[in-house]
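Each remark here refers to the structure printed beneath this line.
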Amino acid sequence: MDEGTKYFLQLLISGLAVGSLYALVALGFVLIYKATNILNFAHGEVMMIGGLVCYLLLTAFSIPFIWATLITLVFALFFGFLTERVILRPMIGQPIFAVVMITIGLSIFLRSLSGIVFGHHNKIFPSPFSETPINFKGLVLSHTHIWIMIISALLVLMLALFFKYSRTGLSMRGVANDQDTAMLMGISVKRVFALTWGLAFAIAAVAGIFLSNVMVLNIGLSLVAIKAFPAVILGGLESVPGAIIGGLTIGVLETIVGGYLDDMMPGAKELTAFVVLFLVLMVRPYGLFGKSEIERV
Amino acid sequence: MRSKTFRESYREDIKVFQTLWVKLWLTTFVAFLLSVPLWADPYVIYMINLAGVSVIAAMGLNILTGFTGQISLGHSAFVALGAYTSAILATRLGLPFWLCIPAGGGVAAFFGILLGFPCLRLKGLYLAMATMSFGVVIEYTVTHWESMTMGVRGISMPKASLLGISLGDDARFFYVILAFVLLLTLAAKNLVRTRVGRAFVAIRDRDIAAEVIGVNLTQYKVISFAISSFYGGVAGGLYSYYMGYLHPENFTILLSIEYIAMIIIGGMGSILGAIFGGIFLTVIPDVIKAFAELLGQHLPFLQGRYDEEWNIATFGALIMLFLIVEPTGLNGIWGRIKTCFKNWPFTY
């Protein structure tokens, strides 16, 4: 293997690792969008809070990693219920603008509140995974990234099964399709909404915990969610597999562009995802796997 | 109780100044504003100037978002474009300020049209995403195109001057900002009562119906983008002259959200709302600061904990509160108070 190919393969693998993170984040967006037709702009902040709570449990209370994760998940679940009840439920039936704006308001509120409560310094997350990277014929990948890939794959499988076969999953899809009809079929729309937000927040917390393993844990962690928007849009807002494929594509593209162009054009890496987002919106707004809404205006 | 407000024609109904009294009060108010630099504290003048810049930018966003119903999360990009255009023209080419500020608005409007065309197909959520990514792209460009924008080192601006008179100090620049605010407010007020303004509202309320009755969606959406970004650009130009120093960090997505907060809190789809919102959000950080200090005196663990984050958290909380409790914003509250007094003592 010559140097050039090796560099490319290394970029590809790192890209897949980053992409699986985006995919994990994108899953949370898709879950909420599928059931409630809301894109939650505060998702990144929930992730960050998940990471911070887990960090607090690990360091201040020295609880083992598994238990800390579980407690964080339960916390996120109830946080989701609370958010739905207090902020989203009054917005049922409001125009889409109001709903988008309220999640944006929630996002900046949560971000600054965590800044006030947890402080702005960088925190070092006590990683439960082995520090030494795996070396395969000169290509390097860390243990954490492998775990992220496994967890993302598992979550996708579980969500796909959940939406396809479980009663709750089916009622979520029903509500997403038509709220009135779902109500007539005896589905409690309110309960479905609450459950969706709880579940999505729990997934966000999982993503947050893994993210704080590979990135610096501070308030800036929430910005990863903004990077995951291109992934969701590319894959299609309603599609679980789309979120995974979109996430991986964006991750690989970004890393490869960064690897080859960053010397010539500083900032090219950060820009890639948004240029892709813009192009996708121009050409195929509903993404690769999304439902196209045909409307002639 | 006010009486004799029968309107006999449509023309009367859409008049900018409804009655003689309104004219009188507005003249008094403008005269009062003109006298402000003569007696006010320098800090008050500084705050009014900042509020004026915010009012112009918020008014632009309100035309696009409030009247035309197109969500924009990239308004800070247009403000940045205006600010940097003015700054570059002023420092590199040495153009006078009365040329630089409209030029900033013009360049912003040009980019607004550029963004408007591809965004015609998008609505709601997708439009929010597209404008947001436009904002991010502009922010990165401003930060990284160092040969043009000086990147993170920032640009220092020369002082504005007109006919050999320096407008450098706050009190003099106050009149410049006031002139722009009055002019642009009058323009916006007139715009929304003409065919163009009515077309905007029609697009917001039901775009298909608007198209059916003969509103050219392409044309009017692009016009709305252009006007909105022109206002943003002018606000940016004024900002760069007033602050005397430009840094990319001033134009992040947070600024866009701040403008959104202004129009939500002030009142969507009303000129007065943008004015209320711009003033309110400029003043509120000081109120929070005073409140935090007061709290700190009584609760020792809060002492000295105040920082910028408190303001942003309050903005977020206010956005949520107004959307849930008072979707018409401060303008709606103002309208209710006015009606209450107007009908007194027969309020029911």
inquiry  = So, A:Val240, is that one surrounded by fewer than 21 Cβ atoms within 10 Å (Cβ to Cβ) and either at pLDDT 85 or above or closer than 18 Å to A:Ile148 by Cβ (or both) or not?
reply    = no
remark   = Those residues of region A:128-140 that are in contact (Cβ under 8 Å) with a residue 24 or more places away in the chain and touching a strand residue (DSSP E or B) at 6+ places or on another chain (Cβ under 9 Å) come to a total of 1
key: Listing of helices (runs of 4 or more DSSP H) fully contained in region A:120-228 that carry 1 or more residues being in contact with a Phe, Trp or Tyr (Cβ under 6 Å, 6 or more places away or on another chain)   = A:143-165, A:167-177, A:189-214
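For the structure I just gave you, tell me whether B:Leu89 is touching a Cys at 6+ places or on another chain (Cβ under 7 Å), away from chain A (no Cβ under 14 Å), open to solvent by 10 Å² or more (accessible area, probe 1.4 Å) and in contact (Cβ under 8 Å) with a residue 12 or more places away in the chain.
yes
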task = Could you check, for region B:202-225, whether at least one of its residues is open to solvent by 60 Å² or more (accessible area, probe 1.4 Å), touching a residue at least 12 places away in the same chain (Cβ under 8 Å) and more than 14 Å from chain A (Cβ to nearest Cβ)?
result = no
query = Within region A:119-127, is there a residue that is within 11 Å of chain B (Cβ to nearest Cβ), open to solvent by 30 Å² or more (accessible area, probe 1.4 Å) and either among the small types (Gly, Ala, Ser) or in contact (Cβ under 8 Å) with a residue 60 or more places away in the chain (or both)?
reply = yes
key: region B:84-106, subset modelled with pLDDT under 85 and of a type in the set (A, V, I, L, M, F, W, C), residue nearest to B:Ile227 (Cα to Cα)   = B:Trp98
ask   = Any idea which of (1) surrounded by fewer than 17 Cβ atoms within 10 Å (Cβ to Cβ); (2) assigned to a helix (DSSP H, G or I) is the one B:Leu95 doesn't satisfy?
value = (2)
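Just the residues that are charged (D, E, K, R) and crowded, with 20+ Cβ neighbours inside 10 Å, please, taken from region B:126-165.
B:Glu139
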query = Within region B:107-125, which residues are at pLDDT 90 or above and surrounded by 17 or more Cβ atoms within 10 Å (Cβ to Cβ)?
reply = B:Val107, B:Ala108, B:Ala109, B:Phe111, B:Gly112
request  = For region A:204-237, name all the residues that are in contact (Cβ under 8 Å) with a residue 60 or more places away in the chain, open to solvent by 10 Å² or more (accessible area, probe 1.4 Å) and out of contact with any strand residue (DSSP E or B) (no Cβ under 9 Å at 6 or more places or on another chain).
outcome  = A:Val206, A:Phe210, A:Asn213, A:Val214, A:Ile219, A:Leu223, A:Val224, A:Ile226, A:Lys227
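Find the residue count for region A:42-61, including only residues that are touching a helix residue (DSSP H, G or I) at 6+ places or on another chain (Cβ under 9 Å) and open to solvent by 30 Å² or more (accessible area, probe 1.4 Å).
3
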inquiry  = Go through region B:135-150 and report how many residues are more than 7 Å from chain A (Cβ to nearest Cβ) and under 23 Å from A:Ile38 (Cβ atoms).
reply    = 1
inquiry  = Take the residues in region A:249-292 that are out of contact with any helix residue (DSSP H, G or I) (no Cβ under 8 Å at 6 or more places or on another chain) and hydrophobic (A, V, I, L, M, F, W, C); name whichever of them is farthest from B:Lys123 (Cα to Cα).
reply    = A:Met264
message = more than 14 Å from chain B (Cβ to nearest Cβ) and either surrounded by fewer than 16 Cβ atoms within 10 Å (Cβ to Cβ) or under 30 Å from B:Ile71 (Cα atoms) (or both): which single residue out of A:Val156, A:Val192 fits that description?
response = A:Val192
task = Within region A:74-103, work out how many residues are out of contact with any Leu (no Cβ under 9 Å at 6 or more places or on another chain), outside any helix (DSSP H, G or I) and facing chain B (nearest Cβ under 9 Å).
result = 1
message = Every residue in region A:72-98 that is under 21 Å from A:Arg191 (Cα atoms) and within 19 Å of the chain's Cα centre (by Cα), please.
response = A:Leu73, A:Val74, A:Phe75, A:Ala76, A:Leu77, A:Phe78, A:Phe79, A:Gly80, A:Phe81, A:Thr83, A:Glu84
ask   = When residues of region B:108-118 are filtered for being within 8 Å of another protein chain (Cβ to nearest Cβ) and in contact (Cβ under 8 Å) with a residue 24 or more places away in the chain, how many remain?
value = 0
task = Please verify whether region A:239-248 includes one or more residues that are closer than 27 Å to A:Thr196 by Cβ and within 12 Å of another protein chain (Cβ to nearest Cβ).
result = no
query = So B:Ala77 clears everything in (1) open to solvent by 10 Å² or more (accessible area, probe 1.4 Å); (2) within 14 Å of another protein chain (Cβ to nearest Cβ); (3) assigned to a helix (DSSP H, G or I) except one condition, right? Which one?
reply = (1)
request  = Scan (1) open to solvent by 20 Å² or more (accessible area, probe 1.4 Å); (2) within 11 Å of another protein chain (Cβ to nearest Cβ); (3) in contact (Cβ under 8 Å) with a residue 40 or more places away in the chain for the single condition A:Leu106 breaks and write down its number.
outcome  = (1)
Qualifying helices (runs of 4 or more DSSP H) (wholly inside region B:235-348; at least 3 residues being aromatic (Phe, Trp, Tyr) and open to solvent by 40 Å² or more (accessible area, probe 1.4 Å)) = B:271-298
query = From the set of residues in region B:293-324 that are modelled with pLDDT under 80 and within 11 Å of chain A (Cβ to nearest Cβ), which is farthest from A:Ile219 (Cα to Cα)?
reply = B:Leu302
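The values are calculated or read from the model by the stated rules, or taken from the named source; none is laboratory data. Here the structure is a predicted model, which is why all the values come from computation and not from measurement. Because the Cβ atoms are built from the backbone with ideal geometry, glycine has one as well, and the counts that use them run over all protein chains shown. Side chains are part of the model used for accessible areas, which takes the heavy atoms of the whole protein and leaves out ligands, DNA and RNA. Shrake-Rupley method; radii C 1.70, N 1.55, O 1.52, S 1.80 Å.
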